Amino acid sequence: MSETIAAPGVVRRSDRGLCVAGHRITLYLIEDYLRAGWPPHLLQHSLHLSHQEMRQVLDYLIANRSDFDREYERVARQATEREKYWRDREQRRRKRLKVTRRNFTPEQAAAWARLSALKQQGKAT
């Protein structure tokens, strides 16, 4: 993994984007929590960051707010697109599986029918 210094202190740019040096924690994750209303001291504890690391991350975010917001929106958009791609792919895969399930032996068909009946009764998950 290549890493470059994005700012003096704890913020580094790696192949995953802006990260906390020495951790696999991206600033995008920290921003997600902050936008969700987490107070910094709880986030610091949850992510096992020192007080100095958390302070430097927050200082970086404040000092580079406009640039970071543009990058954050780009990263969030890419993540949404990736999630949509994989959800669509999984949906297509499940449709293909439903088609192949029709080629069961009589014993398998009976077992699937029993399982479906139990699912409808709420006894199986």
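No lab work stands behind these numbers, since they all come straight from the coordinates. Note that this is a predicted model, so its numbers are computed, not measured. With ideal geometry, Cβ positions are generated from the backbone for all residues, glycine too; neighbour counts draw on all protein chains shown.
Values as computed for the structure displayed
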| item | result |
| --- | --- |
| Cα gyration tensor of region 12-125 - equivalent ellipsoid semi-axes, whole Å, descending | 47, 18, 12 |
| Cβ-placed point charges (K, R +1; D, E -1), dipole of region 3-121 about Cα centre in debye, nearest 20 | 1180 debye |
| Farthest positive-ward along the chain dipole, Cα basis, beta-carbon charges - from A109, G17, S66 | A109 |
| GNM flexibility winner over the chain from A109, A36, A79 (Cα, springs under 10 Å) | A109 |
| Charge dipole of the chain about the Cα centre (unit charges at C-beta), most positive-ward option of I30, L118, W86 | L118 |
| Set of aspartates and glutamates near K95 by C-alpha distance (under 19 Å), chain-local residues within fewer than 8 positions excluded | E83 |
